[in-house]
Amino acid sequence: LFGSILNVGMTDAIVGWGVTLAVLLTLWWFRRRMLFWAFDEPVALASGVPGRAMKIMLMTLLALATVTAMKLA
């Protein structure tokens with residue numbers, strides 16, 4: 001990653017903080033189901049935790065964080 005921190009504008013910083021807040025709030029909101037699914041997937045699935053939805057949500061949050069970080073770096 002090559003770039004200059006001086007090229008980051010105020011709009012980019014606001015978007016970065018917004019995405020960070022959204023990712024953290026989403027992880028906090030789904031923390032129990034996600035931890036249950038991450039550590040014991042078969043039992044979580046038997047208990048009604050939607051495993052496919054957890055995978056999709058986690059990959060989406062990871063993609064959002066990566067794209068935002070690439071824009072800022």
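Read-outs: derived from the displayed coordinates by stated rules, not from any lab. Source: prediction; values computed, not measured. Because the Cβ atoms are built from the backbone with ideal geometry, glycine has one as well, and the counts that use them run over all protein chains shown.
Label point of residue 15 set 7 angstrom out along Cα-Cβ; within region 45-73, amide nitrogens under 12 Å from it belong to 67-73. Charge dipole (Cα centre; +1 on Lys/Arg Cβ, -1 on Asp/Glu Cβ; no other charges) of region 2-73 amounts to roughly 140 debye.
When you restrict to C-alpha pairs under 8 Å that are six or more residues apart and normalise by the size of region 9-73, the relative contact order lands at 46 percent.
Since only 48, 13, 58 are under comparison, the one whose Cα sits farthest along the positive direction of the charge dipole of the chain, derived from C-beta charges on Lys, Arg, Asp and Glu, is 48.
Rounded, prolate or oblate: which fits the chain when a ≥ b ≥ c are the square roots of the eigenvalues of the alpha-carbon gyration tensor, with rounded for a/c under 1.5 and prolate only if a/b beats b/c?
Because a/c hits 1.5 or more and a/b exceeds b/c, the chain counts as prolate.
Summing charges over all other residues whose Cβ lies under 12 Å from the Cβ of residue 51, with Lys and Arg as +1 and Asp and Glu as -1, gives +1. Here the spin labels are modelled as points 7 Å beyond Cα on the Cα-Cβ line, and at residue 45 and residue 31 they lie 2.7 nm apart.
Helices in the chain that qualify as membrane-span-like (whole DSSP H runs, Cα extent of at least 27 Å along the helix axis, mean Kyte-Doolittle hydropathy of 1.0 or higher) are 10-29, 51-72.
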